[in-house]
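K.L.:
Please read through the structure below; I'll follow up with questions.
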Amino acid sequence: MGRRIASWAVLCLSIAGCGAAQSTRPVARFDPGALPIAAGARLYFDSASAAGPREMTVSVVDTAPEFRYELGCGHVEPARALASPTTGVVDESTMAGGRDEYAIDHCDRRADHDGAALPEFLVSARALAALDHHERTLLRVEDHGAAVALMPVGHESLSVRIDGRPTPIDTLHARGDGMDLWIADVGTPIVVRVVDHERGFTLSGIDTPGARTPRAR
């Protein structure tokens, strides 16, 4: 009898049931070394250009089947709505194999985006896979003025502040024609850093969905 009771207790734990109140809220899980990209996350970018340093927030609205986001100037934590944000959607086919990118270094100059190209903080799964396999990869970057042929440099770990804590993120470093990119190599292929001639931007922090104490920096 004792064995049966013990076995039942183990079964209860394994299915997390047996009369206990269950939460139906899905829990987003992320692989080690991945950026926690899910609906409700906010990504904080710092950019540098001839006009001086600027800050930008990307609020992730959804990730599947399309990647939907809002984009606004400054670092705006989740407790506050973005003021007059630019809205964007990247369709499934573009996320899978797109090559065109439009610039985000002037975050308040863009009208709503229809999904025909990738924003500069994303690359396609196809482009990342090609670089991961040491293949030359062509991107068309709006502000770069020409197509950029990228070659992989290697895998590097970069630190990103996630909910205020410095966290190592696995990235793939690629280079071509005066441009260097570091792309998150696990999960959603977010561009963590770009250096393009005298311009560039860096992902300085992320607030995850449901974070109790959002801290951009």
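The values are calculated or read from the model by the stated rules, or taken from the named source; none is laboratory data. Please read all numbers here as calculations on a predicted model, not as lab measurements. Neighbour counts are summed over all protein chains in view; Cβ atoms, including those assigned to glycine, are modelled from backbone coordinates with ideal geometry.
K.L.:
What about L172, is it assigned to a strand (DSSP E or B) and at pLDDT below 95?
P.N.:
For L172, the condition - assigned to a strand (DSSP E or B) and at pLDDT below 95 - is not met.
K.L.:
Does at least one position in the range 105-124 carry a residue that is within 20 Å of F201 (Cβ to Cβ), assigned to a strand (DSSP E or B), in contact with a Cys (Cβ under 8 Å, 6 or more places away or on another chain) and modelled with pLDDT of 80 or more?
P.N.:
No, that holds for no residue.
To keep it simple, each residue is scored yes or no on (1) within 24 Å of R165 (Cα to Cα); (2) among the β-branched types (V, I, T); (3) within 16 Å of the chain's Cα centre (by Cα).
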{"position": "D46", "(1), (2), (3)": "yes, no, yes"}
{"position": "G52", "(1), (2), (3)": "no, no, no"}
{"position": "V61", "(1), (2), (3)": "yes, yes, yes"}
{"position": "R68", "(1), (2), (3)": "no, no, yes"}
{"position": "C73", "(1), (2), (3)": "yes, no, no"}
{"position": "R80", "(1), (2), (3)": "yes, no, no"}
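K.L.:
If R80 meets every condition in (1) among the charged types (D, E, K, R); (2) part of a strand (DSSP E or B); (3) at pLDDT 90 or above apart from one, which number is that one?
P.N.:
If we test R80 against (1) among the charged types (D, E, K, R); (2) part of a strand (DSSP E or B); (3) at pLDDT 90 or above, just (2) comes out false.
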